[in-house]
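Enquirer: Sharing a structure with you now.
The values are calculated or read from the model by the stated rules, or taken from the named source; none is laboratory data. Keep in mind that this is a model prediction, so the values were computed, not measured. Every residue, glycine among them, receives a Cβ derived from its backbone with ideal geometry; neighbour counts consider all protein chains shown. Calculation scope for accessible area: heavy atoms of the full protein, side chains included, ligands and nucleic acids excluded. Shrake-Rupley method; radii C 1.70, N 1.55, O 1.52, S 1.80 Å.
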Amino acid sequence: MSSPLTLGTAGHIDHGKTALIRALTGVDTDRLPEERARGISIELGYASLALPSGRRLSVVDVPGHERFVRTMVAGATGIDLFLMTIAADDGVMPQTREHAAVLEALRVRTGVVAVTKVDLADPEVAVIEASELFGGSEVVPVSARTGEGIDELRAALDRACAAVGSRGDGGPPTPAARLHIDRVFTIRGAGTVVTGTLWAGAIGRGDELEVLPRGRRVRVRGVQVHDQQVDRAPAGQRVAVNLTGLAVAEIDRGDVLVATDSGLRPTYRVDAQLEFGDADPEHGERVQIHHGTREAPARLAWLGGRFWQVRLEQPIVPAAGDRLVVRQIAPPDTLGGGVVLDPQPRRHGPGRDLLVRLERLARGEAPEPTERVTRSHPPTPAAPRTPSEARVGGSQIKLSSSALALEQRLRDAGVEPPLDSELDTGDLAALRDAGRAVRVTKNLHYQVDALAEIRARLVELAQRNGGVVTLAQLRDELATSRKFAQALLEHFDSEKVTIRRGDEHALRRRSG
């Protein structure tokens with residue numbers, strides 16, 4: 001029996017993706033009333049496709065509208081090959097190119113291009129454009145309305161499958177189960193059901209799993225593949241998992257279902273090798289990161305060459321080798337993507353030893369055990385204890401769970417915390433009253449331990465530099481932008497750690 005594979009659609013809005021899947025499978029993947037009323041896909045749709053060889057593909061049908069590219073990325077992250085649609089009467093359009101950029105960022109390079117609506121227009125120009133954009137893929141003219149070319153398209157998909165390895169062919173040792181959740185719902189009498197493309201391992205009835213980043217343990221009540229109950233489902237296909245121990249409200253798209261021994265952990269930072277299109281983003285630029293079915297705002301810290309540290313505002317659950325998609329926040333656009341090299345790095349800036357280490361990881365080699373990331377940046381200490389109460393002036397201040405979560409977010413953000421306008425003002429006030437956060441500027445707070453570490457690095461830098469430090473030197477030391485370095489220097493001046501003398505900030509005697 002052929003190993004499982006997942007096929008994802010792609011293409012501009014109204015180029016016939018959903019109609020084509022219906023012609024191939026008999027399934028209308030537009031299940032929402034709004035989708036049928038408007039005639040466009042809004043959410044991800046799913047079907048099963050039987051090919052002439054007997055192989056059965058899981059199909060993920062994605063929206064084509066520019067407003068739903070983020071949903072498209074969530075559906076594309078688990079696919080093995082693509083079916084790109086280009087309408088004969090339109091040719092290559094803007095979302096054709098952006099979906100192609102997403103596929104390239106995910107390194108999904110095998111697939112078939114269907115030139116659709118050949119009953120409405122001569123496909124010659126669209127076929128030429130498709131061949132230029134997807135040089136290594138077969139191009140098949142089709143009509144979902146008349147059925148022309150549908151059998152040829154099935155055969156072309158069969159040939160493409162032969163060139164793709166399944167995630168289920170990992171070989172020994174068997175990887176731990178990992179499913180990035182893209183849909184959550186409830187079934188009367190069964191309870192919570194989650195669906196997604198199974199990236200690794202296998203899931204079967206009775207398994208104990210963990211939901212990350214929430215850290216909740218669950219048990220598998222049942223597993224289905226294409227609406228059929230199975231004892232155990234291997235990676236590489238769409239899977240529906242019935243869970244016990246968790247309500248629908250306690251889990252969402254973007255969460256990850258993993259084996260309890262997977263070794264995976266949520267993180268707010270990854271070191272990655274990233275590649276971009278026309279222009280690289282700026283150091284410190286805020287972007288949107290897509291990993292699995294989760295998206296999170298992040299800042300990019302340049303480490304040298306093609307290496308970047310991605311500093312996230314919300315946690316992801318990555319493994320080395322996972323693909324990332326990087327999108328511009330405003331106006332929304334796909335900038336590029338890359339591969340996770342270190343899923344659990346400490347916060348650091350550029351350095352010669354670091355580049356050597358990342359080069360080795362990029363080549364698939366283990367880093368030397370004696371390698372150091374950089375001499376001037378000491379290892380990040382363990383996260384501070386976060387008790388639910390803090391003593392201030394002889395009284396106890398109880399901190400809510402959301403305030404504690406915000407403190408951890410500020411602690412993990414380190415040098416570049418989010419602006420106050422992005423945070424809950426009540427939680428900020430509670431942390432400030434408890435002595436757990438410090439207002440550095442009118443709209444910027446730092447977690448107290450993170451600020452203490454920055455102060456120590458400032459003092460050490462100044463001591464190495466004859467007792468003074470400039471804005472540019474602190475910016476480079478912290479591997480941050482001028483905005484954050486200037487805010488920190490002004491704060492330390494006001495706290496009498498330093499005193500400004502022209503372009504330099506000199507250590508006060510008691511700070512040394």
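Enquirer: Counting heavy atoms of the protein chains only and a 1.4 Å probe, report the per residue accessible area for the stretch 50-192 as a whole number of Å².
Expert: 43
Enquirer: Now, a different point. Starting from the Cα of residue 400, step 7 Å along the direction of its Cβ; do the same at residue 89; then give the gap between the two resulting points in nm.
Expert: Using points 7 Å along Cα→Cβ, the separation is 5.4 nm.
Enquirer: Solvent-accessible area of residue 483, probe 1.4 Å, all protein chains present, reported in Å² to the nearest ten, please.
Expert: Spelled out: residue 483, probe radius 1.4 Å, area about 110 Å².
Enquirer: Given the DSSP H assignment, sum -39500 (n - 2.57) over each helix run of at least 4 residues in the chain and divide by its residue total; what's the result at 222 nm in deg cm²/dmol, nearest 500?
Expert: That calculation yields -7500 deg cm²/dmol at 222 nm.
Enquirer: Still on this structure, please answer the following. Dipole size in debye (nearest 20) for the stretch 280-352 around its Cα centre, Lys and Arg Cβ +1, Asp and Glu Cβ -1?
Expert: Here the stretch 280-352 has a charge dipole of around 240 debye.
Enquirer: Still on this model: What accessible area, in Å² to the nearest ten, does a 1.4 Å probe give for residue 495?
Expert: For residue 495, the solvent-accessible surface is approximately 100 Å².
Enquirer: Here is a further query. With all protein chains present and a 1.4 Å probe, how do 82, 276 order by accessible area, largest first?
Expert: Reading off the accessible areas and sorting them downward yields 276, 82.
Enquirer: Separate question: Would you list, by chain and number, the aspartates and glutamates whose Cα falls below 17 Å from the Cα of residue 442, excluding same-chain residues fewer than 8 positions away?
Expert: Once the sequence-local aspartates and glutamates are set aside, what remains near residue 442 is 416, 420, 422, 424, 427, 433, 490, 493, 495.
Enquirer: Once each part is reduced to its C-alpha centroid, what is the distance from the stretch 442-495 to the stretch 333-357 in angstrom?
Expert: For the stretch 442-495 versus the stretch 333-357, the Cα centre distance is 23 Å.
Enquirer: Of 480, 186, which has the most accessible area with a 1.4 Å probe, and how do the rest follow in descending order?
Expert: Putting 480, 186 in descending order of accessible area: 186, 480.
Enquirer: Principal axis extents for the chain, Cα atoms only, whole Å, descending order, please.
Expert: Largest first, the chain extends 84, 53, 48 Å along its Cα principal axes.
Enquirer: Expressed as a fraction of 2.2 N^0.38 Å, the rule-of-thumb size for a compact globular protein of N residues, what is the C-alpha radius of gyration of the stretch 316-367?
Expert: Computed over Cα atoms of the stretch 316-367, the ratio equals 1.33.
Enquirer: Could you give the angle, 0 to 90 degrees to the nearest 10, between helix 448-464's Cα long axis and the longest principal axis of the Cα atoms of the chain?
Expert: The angle comes out near 60 degrees.
Enquirer: With +1 assigned to the C-beta of every Lys and Arg and -1 to the C-beta of every Asp and Glu, and no other charges, what is the dipole magnitude of the chain about the Cα centre in debye, to the nearest 20?
Expert: Using only the charged Cβ atoms, the result is roughly 2280 debye.
Enquirer: Another question, then. Put +1 on the Cβ of every Lys and Arg and -1 on every Asp and Glu Cβ in the chain; which of 303, 446, 9 then has its Cα farthest towards the positive end of the dipole?
Expert: Of the candidates, 446 comes out farthest on the positive side.
Enquirer: If you don't mind, another one. Could you check the simple spin-label distance between residue 107 and residue 465, using points 7 Å along Cα→Cβ, in nm with one decimal?
Expert: Output for this residue pair reads 3.9 nm.
Enquirer: Now for a separate question. On a 0 to 90 degree scale, rounded to 10, what angle separates helix 124-133 from the longest Cα axis of the chain?
Expert: 40
Enquirer: Follow-up. Please identify every one of the trypsin sites (Lys or Arg not before Pro) in the stretch 251-331 that sits in a loop by DSSP and has no more than 16 other beta carbons within 10 Å of its own beta carbon.
Expert: 306
Enquirer: By how many nm would the segment from residue 187 to residue 449 lengthen if fully extended, with 0.36 nm per residue of separation less the alpha-carbon distance?
Expert: Separation in residues times 0.36 nm, less the Cα-Cα distance, equals 89.7 nm.
Enquirer: For the pair residue 162 and residue 408, what calculated FRET efficiency results from E = 1/(1 + (r/R0)^6), where r is the Cβ-Cβ distance and R0 = 45 Å, to the nearest 0.05?
Expert: After rounding to 0.05, the efficiency reads 0.40.
Enquirer: Okay, next question. Report the label-to-label distance for residue 216 and residue 456 in nanometres (one decimal), using points 7 Å from each Cα along the Cα→Cβ vector.
Expert: The answer from the label model is 3.7 nm.
Enquirer: Roughly what angle does helix 352-362 make with the longest principal axis of the chain, taking Cα atoms, 0 to 90 degrees, to the nearest 10?
Expert: 20
Enquirer: Round to a whole number: what % of the accessible area of the stretch 465-512 belongs to carbon and sulfur, probe 1.4 Å?
Expert: About 43 percent, which is the carbon plus sulfur part of the accessible surface.
Enquirer: Would the stretch 184-268 count as rounded, prolate or oblate if I go by the C-alpha gyration tensor, calling it rounded below 1.5 in a/c and otherwise prolate when a/b exceeds b/c, oblate otherwise?
Expert: Oblate, because a/c is 1.5 or more while a/b does not exceed b/c.
Enquirer: Could you provide, to the nearest whole Å², the per residue accessible area of the stretch 274-352 with probe 1.4 Å?
Expert: Heavy-atom accessible area per residue stands at 36 Å².
Enquirer: Using 0.36 nm per residue of separation minus the Cα-Cα distance, give me the extension gain between residue 421 and residue 250 in nm, one decimal.
Expert: Difference between extended and current length: 58.9 nm.
Enquirer: Now for a different question. Carbon-plus-sulfur fraction of the accessible area of the stretch 106-154, 1.4 Å probe, in percent?
Expert: Its accessible area is 47 percent carbon and sulfur atoms.
Enquirer: Quick check: with the 1.4 Å probe, what order do 302, 199 take by accessible area, largest first?
Expert: 302, 199
Enquirer: Something else about it: How much accessible surface area, in Å² rounded to 10, belongs to the heavy atoms of residue 99 with a 1.4 Å probe?
Expert: Per-residue accessible area (residue 99): approximately 0 Å².
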